[in-house]
Amino acid sequence: MEIGLQRYKQEYSDSSFWEKIKRFARVAGCEVVERALTLYYVAKDAKTPVQVKATIFAALGYFILPFDAVPDIIVGGYSDDLGALAMTMALLVDSIKEEHKSHAKTKMRQWCS
């Protein structure tokens with residue numbers, strides 16, 4: 001399990017995150033996008049502990065990586081990404097602030113409305 005987390009943390013970068021979000025916002029669905037953006041803003045918060053950031057970057061790395069449990073190109077291919085993001089949010093609920101959610105909703109509206 002730890003080896004897998006390391007792999008996904010290594011796959012994460014800001015540029016690859018934004019590229020995937022912009023490219024697949026409508027395809028992946030607003031729910032996936034909002035969760036990914038919320039976690040992104042939590043990770044970018046200077047007050048967020050390093051361990052929390054590492055967990056988030058692992059989850060976002062999984063979202064970015066094109067090869068995962070359910071390939072993104074098939075119908076329903078983002079269900080595993082949504083599950084990983086939802087589980088990460090549930091684990092880190094105490095680190096998610098209203099300002100993170102607000103930033104995510106604002107950005108999401110630009111792509112999903």
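Nothing in this text is a laboratory measurement; each read-out follows from the coordinates by a stated rule. Computed from a prediction, not measured in an experiment: that's the story for all the values here. All Cβ positions, glycine included, derive from the backbone under ideal geometry; neighbour counts span all protein chains shown.
Between Val50 and Ser102, the modelled label-to-label distance comes to 3.0 nm, taking each label 7 Å out from Cα in the direction of the beta carbon. Distance between the modelled labels on Val93 and Lys22, one decimal in nanometres: 3.5 nm (7 Å Cα→Cβ projection).
Multiplying the residue separation of Gln110 and Ala86 by 0.36 nm and subtracting their alpha-carbon distance yields 6.5 nm.
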